[in-house]
1. Output the number of the condition that Ile675 fails; it satisfies all remaining conditions of (1) open to solvent by 40 Å² or more (accessible area, probe 1.4 Å); (2) of a type in the set (A, V, I, L, M); (3) out of contact with any Phe, Trp or Tyr (no Cβ under 8 Å at 6 or more places or on another chain).
2. Can you pull out every residue in region 406-419 that is touching a helix residue (DSSP H, G or I) at 6+ places or on another chain (Cβ under 7 Å) and among the aliphatic types (A, V, I, L, M)?
3. State the number of residues belonging to region 283-306 that are among the aromatic types (Phe, Trp, Tyr) and assigned to a loop (DSSP other than H, G, I, E, B).
4. Lys530 - would you say it is under 28 Å from Thr305 (Cβ atoms), open to solvent by 10 Å² or more (accessible area, probe 1.4 Å) and under 40 Å from the mean Cα position of the chain (by Cα)?
5. Which fully enclosed helices (runs of 4 or more DSSP H) of region 90-177 have 3 or more residues being of a type in the set (Asp, Glu) and without any contact (Cβ under 8 Å) to a residue 24 or more places away in the chain?
6. Determine the pairs where a residue that is farther than 18 Å from Val733 by Cα and surrounded by fewer than 24 Cβ atoms within 10 Å (Cβ to Cβ), located within region 329-358, has a partner that is among the acidic types (Asp, Glu) and modelled with pLDDT under 95 with Cβ atoms under 9 Å apart, the partner being 6 or more residues away or on another chain.
7. Can you confirm whether Ala507 is part of a strand (DSSP E or B), under 16 Å from Gly617 (Cα atoms) and not hydroxyl-bearing (Ser, Thr, Tyr)?
8. Show the residue pairs that are 6+ apart or on different chains and have beta-carbon atoms under 7 Å apart, the first residue being within region 54-75 and in contact (Cβ under 8 Å) with a residue 40 or more places away in the chain and on the phi > 0 side of the Ramachandran plot, the second being outside any helix (DSSP H, G or I) and crowded, with 18+ Cβ neighbours inside 10 Å.
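The values are calculated or read from the model by the stated rules, or taken from the named source; none is laboratory data. Predicted model, so just to flag it, every value in this text is computed and none were measured. Using ideal geometry, Cβ is built from the backbone for each residue, glycine included, and neighbour counts are taken over all protein chains shown. Calculation scope for accessible area: heavy atoms of the full protein, side chains included, ligands and nucleic acids excluded. Shrake-Rupley method; radii C 1.70, N 1.55, O 1.52, S 1.80 Å.
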Amino acid sequence: MAISNRLPLLVLFSLMVTSAFAEKSRGVAYDGRSMIVNGERELLFSGSIHYPRMPPQMWPDIIRKAKEGGLNLIQTYVFWNIHEPVQGQFNFEGSYDVVKFIKEIARQGLYVTLRIGPYIEAEWNQGGFPYWLREVPNITFRSYNEPFIYHMKKYSEMVIDLMKKEKLFAPQGGPIIMAQIENEYNNVQLAYRDNGKKYIEWAANMATSLYDGVPWIMCKQKDAPPHIINTCNGRHCADTFKGPNGPNKPSLWTENWTAQYRTFGDPPSQRAAEDIAFSVARFFAKNGTLTNYYMYYGGTNYGRTSSSFVTTRYYDEAPLDEFGLFREPKWSHLRDLHRALRLSRRALLWGTPTVQKVNQDIEITIYEKKGTDCAAFLTNNHTTNPATVKFRGKDYYLPEKSVSILPDCQTVVYNTQTIVSQHNSRNFVASEKAKGLKWEKYQEKVPTISELSLKNREPFELYTLTKDTSDYAWYSTSIKFDRHDLPMRPDILPVLQIASMGHALAAFVNGEYIGFGHGNNIEKSFVFQKPIVLKPGTNTISILAETVGFPNSGAYMEKRFAGPKAITIQGLMAGTLDITQNNWGHEVGVFGEKEQLFSEEGAKKVKWTPVTGPTNGAVTWYKTTFEAPEGNNPLAVKMDKMQKGMMWVNGNSLGRYWSSFLSPLGQPTQFEYHIPRAFLKPTDNVLVLFEETGGNPADIEIQTVNRDTICSIITEYHPPNVKSWERSGTNFVAIVEDLKTGAHLTCPDDKIIEKVEFASYGNPDGACGNLIVGTCNSAKSMQVAEEKCLGKNSCTIPIEREIYDEQSKDPCPDIFKTLAVQMKCGNKN
């Protein structure tokens, strides 16, 4: 697959002919410079989008927005546990129809990288492995272990055969130009010693034996076999990646993290658009030719698909947020970066690179093809100080920690730190049509040991008990006390202590809820302690043990455990009583889950009672109906006053919620949850919750979601928009008459600007949705913005001093000026 740098002239001539007739030559090759697709070298801008993290009705729009963002490649995993949840029984329907997803990508003219795993991590339940694999005798995951490699090969062969049958590989005319086997194995390889090295070599040979028509890659695999391309994952691969482990392999970046996934209890995660753009520009300046944004659209972990403690919302800080809306300026700043790099394409792919170190912070990288093409990257690595650099007789201003791109070695068309595209802010608005929710409830019965058929002397391990069929399992035991066994003093109560291996539990004594305990993503085990009231005679202790997803990373995943481990009652007259081996009854799941009370038919199986006042019951089901909200904006349900549980709309799971787990900032990690419009009917939509520990549904709100607040924050030294230039062959030309910077704003969905909420020309500060006037401000700022923008779908506000102030009346003539504006968009009517 790799092309040698010492090809004979005949082969070089053949390659030239192949390139000239690319439509006749379908296939993928590579060399030390780039991927070569259908005979053409490519700069590849890729985004991770996962088909099961959204309903299929959303696929076309998300892919279209990715393409509009300048992507030409989509990366996705294949998720073993959703496709083969039961050994030998396969599911490729609905959101799991990977073939349909890939064909939609192809229909829109993009390529695909297929990461078949089978281990995918991805913050996905058990890293993508189905539960039944854990119970294969003598198995060791991700090692040269006969049971594991047997099942891994069988699964991989099934996936590859499916792709070949559907003609989805590039040599067959399909969009798949690369495939990945395994995932970040270097992270755990040493734990498996010799079997780790043997396994990775076996995996590489197995993959290429199944199909060798496209290149295979391994990410974070510095010792990848010669016929496999090793790639980088991380935030700054230009600095952390030592390069491929062979001279004929291109530099590829398979995961450029656009933020960080969140687990319940985490504070928000952010990564600035400027930082992502800086890292990509530096990577391409250092011979990189592919970057993949992980994630470009994160979507939602519906059902029970997320791994341990991972939130239902996934990578909301991506260029497309959880609701599929443009997160600005991240989406458009990266779009502009892709255009700037494409304007430099010929020089990057065919030019010779040279690097000039001006000083310890300033670096000039030039790609030049003698007599035809030249592109330059001017880099300032200093994190706080701007600089001016002289290049080919001209001075260029470089903001701190930035790269300027010059596709003709003269003209700055893009700087990573100076955002010329617009910003926006997300708004959650209570729906008028779906307000006034009327709730009904059904109380789960807390079982006793006599009602649970599965008995054992001590509590069963939780993962093995549930077999990943439910988050829940009941444990119950009973114990008799004489009056003299119990504390005599009224100010002393016995204490129930439960040492749990994870993840959470709700405890009940004699049917009464006494409390809730949980671990976290870092330390899943915890000790629950609560005072309890015991009575003379028989007492029942019941525990609802809970998982919050299976682990997804690390070595020996098949040897992880959860659930109650040691249970004692402290403070009795005879001291501490260990009841771990007191004989326990068990049952997987809760009654309402088995009867599917969240479905239309299941809801009819029980008697629901109206919620007429404050309620705070544990293990309680709640149900309401609502009309489909007005308009076409995405939808959310606000759950900040609930505690922890599961949600369904019209029988479709919205995933786990956990509003009671507060971050260090004192706020839930997530309290708005996506309701896809694809799940709704015009009327009589049924929302069902299972609340584990208590919460009041009265404050639950159905909301519409928009990004109708748009902003621009731009300075006098910002370059004009990169769309001001184009390349035709070897010619690089401006396509606008007046190359000036300015604030360019466009409302989404053909809406119009109905209000200017903020405008300041001077030294304003803040972010979109929270802009503030600085110490210098032109009095005409609002007037200019309103004249240019009100009533329009899009507008441009110039940034020229004479428009805002007469020279003699300029309040701050000696500073670089900034224009900041914020507009509200609305419907035309």
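1. (1)
2. Selection gives Val413, Ile419.
3. So the answer is 1.
4. no
5. Per the criteria, no element qualifies.
6. Trp350/Asp373; Gly351/Asp373
7. Against the criterion (part of a strand (DSSP E or B), under 16 Å from Gly617 (Cα atoms) and not hydroxyl-bearing (Ser, Thr, Tyr)), Ala507 qualifies.
8. Gly70/Phe45
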